[in-house]
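The values are calculated or read from the model by the stated rules, or taken from the named source; none is laboratory data. Keep in mind it's a predicted model, so treat the numbers as computed, not measured. So basically every Cβ, Gly included, is an ideal-geometry build from the backbone, and we count neighbours across all protein chains shown.
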Amino acid sequence: MGGEKNILDGRQIGVEKESLRVSPDGTIAQTPHPVSLGSALSNPYITTDYSEALLEFITPPVHHTHEALDFLRDAHSFVYQHLTDEILWATSMPCVIAGDDRIPIAHYGHSNVGKMKHVYRKGLAHRYGRVMQVIAGVHFNYSLSDEFWRYYQQMEEDRRDLQSFINDQYFGLIRNLQRFGWLIPYLFGASPAVCKSFIGGSPSSMQEFDVNTYYEPYATSLRMGDIGYQNNKENESGIKACYRNVDAYVESLQFAINTPYREYEAMGVKDGDDYKQLNANLLQIENEYYSTVRPKQPLNGNEKPTRALSERGVKYIELRSLDVNAFHPLGISQVQLRFIEALMIFCLLHESDQICFNERVEIDQNELDVAHRGRDPRLKLHRDARKTSLKTWAMEIMEVLQPICECLDQNLPHKPYQEALQKQLEKMHDPDLTPSARMLSIMRENGEGFYHFARRMSQKHYDYFRNIELKPERKIFFEKVAQESLDKQQQIEASDTQSFDEYLQAYFQQ
């Protein structure tokens, strides 16, 4: 791999991080998205996800992990300059939930595109409940340069057009990232406990940590387990996204988007003139499909994601299985990003057969098992119809990651990628070093439940950002982007010529 270093330098990295705005007591903020942060509809860097209180920070694509984290740090600092007594919650799992009604659905203005985003979220509330939608996460976006792809295609002696080669290689990466994706919650899962208010009055098989906290002793990421957001109705109907290639993937999602589901039909799409959901199909739109990794292509205007993939192919990969790192003020560390990048490259270069039905069952079961009891020394993972220990399998992967990290470290001081790999090897030898184990250990030492731990870490991160001096040019940048986004929202609203009914019809007819 020695000759590939300069080619890998053209890669692009991006991070998306969600974080709940909460009141000082940990309850979800009831205030609207601050106008001083710009328009949630059109600000490309600071927006909202499901809830008006669920902030989403988005970095531009950059060439190095430290650039993404620098941008993320400055965006957090800018937001904190515009919050009064509210803080950003430091964990993936929310706390002090007073029912669905106290989770405000995000608003995006009066334009058709803004209404569609709001109605989609109303549909999610009717289908799954609002509580599941305010679980926060971190997404890692990754792409390789055309220069790399041309070189790699030549090495593979592939004579197709370049984009067809790229599409197939990215789908091979996706399949492998699903096969080996259980590594992510084991190494980086940070949600082994939840506030009892998250479950509400529902019975739980989890153990009681204290009067306000449920937990599972060996859990790594309950967010990725069966209490998190899942497409349960889609699973019952036997529909799964197909990762054979880009055409099969698009076709499988389009089928789900166009297939009515009786329970959603019984809910009704509209109540008078008020939309309850976008449609009564298995999926309202592509984004409703839950997955740990997605193929992505930037959209042109209000283009459907499946259309963008069909017409222009895969541009980058989005890994979605990362918990918010409660021990880092940004929710993600440089060590994590470096390891994940090496894992991405491994998944690309490693042979990637198609996923048969039996392997799909194994992949799903491994993900659940590691989420709920990944640190259990008795846990066996499913691998090619056999059982294997998590540690044995992980050590095999880590060994293959070593030369990839050496390649990424060329011309860098201190060998940071190999250091990141070494940190993960230590977690394989000692599960108590994982974030999930550390969280439970600290809670026990301090005699605190999940709420008090998360609130204390949130306050600690708040103090960190309050003490950061945002550079004047960066402050001007975010202020300019915020104002431009407000102007853009007004332009979008003023340019609407269709009714919302007509807009939706045209959108789904793409």
**Request:** Scan (1) within 19 Å of the chain's Cα centre (by Cα); (2) buried (at least 21 other Cβ atoms within 10 Å of the Cβ) for the single condition Ile87 breaks and write down its number.
**Result:** (1)
**Candidate set: the stretch 239-270, residues that are under 24 Å from the mean Cα position of the chain (by Cα) and part of a loop (DSSP other than H, G, I, E, B); chosen: the one modelled with the lowest pLDDT** = Ile239
**Request:** Among the residues of the stretch 298-347, write down those that are out of contact with any Asp or Glu (no Cβ under 7 Å at 6 or more places or on another chain) and β-branched (Val, Ile, Thr).
**Result:** Val314, Ile317, Val324, Ile332, Val335, Ile340, Ile345
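Please pick out the residue among Leu55, Leu41, Leu69 that is out of contact with any Asp or Glu (no Cβ under 6 Å at 6 or more places or on another chain), assigned to a strand (DSSP E or B) and at pLDDT 95 or above.
Checking each option against the conditions leaves just Leu55.
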**Complete:** Per the filter on the stretch 382-414, residues in contact with a Phe, Trp or Tyr (Cβ under 6 Å, 6 or more places away or on another chain) and outside any helix (DSSP H, G or I) are Asp409
**Prompt:** Of all residues in the stretch 56-109, which are charged (D, E, K, R), farther than 17 Å from Glu16 by Cα and in contact (Cβ under 8 Å) with a residue 40 or more places away in the chain?
**Reply:** Asp85, Glu86, Arg102
**Request:** Take the stretch 56-104 and flag every residue that is under 15 Å from Thr31 (Cα atoms) and among the β-branched types (Val, Ile, Thr).
**Result:** Val79, Thr84, Ile87, Ile103
**Message:** Being in a helix (DSSP H, G or I) and either within 24 Å of the chain's Cα centre (by Cα) or among the β-branched types (Val, Ile, Thr) (or both) is the filter here; which residues of the stretch 432-445 pass it?
**Reply:** Leu433, Pro435, Ser436, Ala437, Arg438, Met439, Leu440, Ile442
**Request:** Pick out the one residue from Ser310, Ser321, Ser352 that is hydroxyl-bearing (Ser, Thr, Tyr), touching a residue at least 40 places away in the same chain (Cβ under 8 Å), closer than 23 Å to Met224 by Cα and touching a helix residue (DSSP H, G or I) at 6+ places or on another chain (Cβ under 8 Å).
**Result:** Ser321
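Which helices (runs of 4 or more DSSP H) sit wholly inside the stretch 447-510 and have at least 1 residues that are touching a residue at least 24 places away in the same chain (Cβ under 8 Å) and farther than 22 Å from His118 by Cβ?
450-466, 472-495
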**Message:** Quick check on my filter: what residues within the stretch 316-366 are within 16 Å of Arg294 (Cα to Cα) and acidic (Asp, Glu)?
**Reply:** Glu318, Glu341, Asp364
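This table checks each residue for (1) of a type in the set (A, V, I, L, M, F, W, C); (2) within 30 Å of Ile340 (Cα to Cα); (3) crowded, with 18+ Cβ neighbours inside 10 Å; (4) in contact (Cβ under 8 Å) with a residue 24 or more places away in the chain.
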position	(1), (2), (3), (4)
Val246	yes, yes, yes, yes
Tyr261	no, no, yes, yes
Glu288	no, yes, yes, yes
Gln297	no, yes, yes, no
**Prompt:** What's the number of the condition Ala371 fails, among (1) out of contact with any strand residue (DSSP E or B) (no Cβ under 8 Å at 6 or more places or on another chain); (2) in contact (Cβ under 8 Å) with a residue 40 or more places away in the chain; (3) surrounded by 16 or more Cβ atoms within 10 Å (Cβ to Cβ)?
**Reply:** (1)
**Residue count, the stretch 404-420 (criterion: among the polar types (S, T, N, Q) and exposed (fewer than 14 other Cβ atoms within 10 Å of the Cβ))** = 1
**Prompt:** Does Asn235 count as exposed (fewer than 15 other Cβ atoms within 10 Å of the Cβ) and modelled with pLDDT under 95?
**Reply:** yes
**Message:** Every residue in the stretch 476-505 that is surrounded by fewer than 14 Cβ atoms within 10 Å (Cβ to Cβ) and more than 21 Å from Tyr45 (Cβ to Cβ), please.
**Reply:** Ala494, Ser495, Thr497, Gln498, Ser499, Asp501, Glu502, Gln505
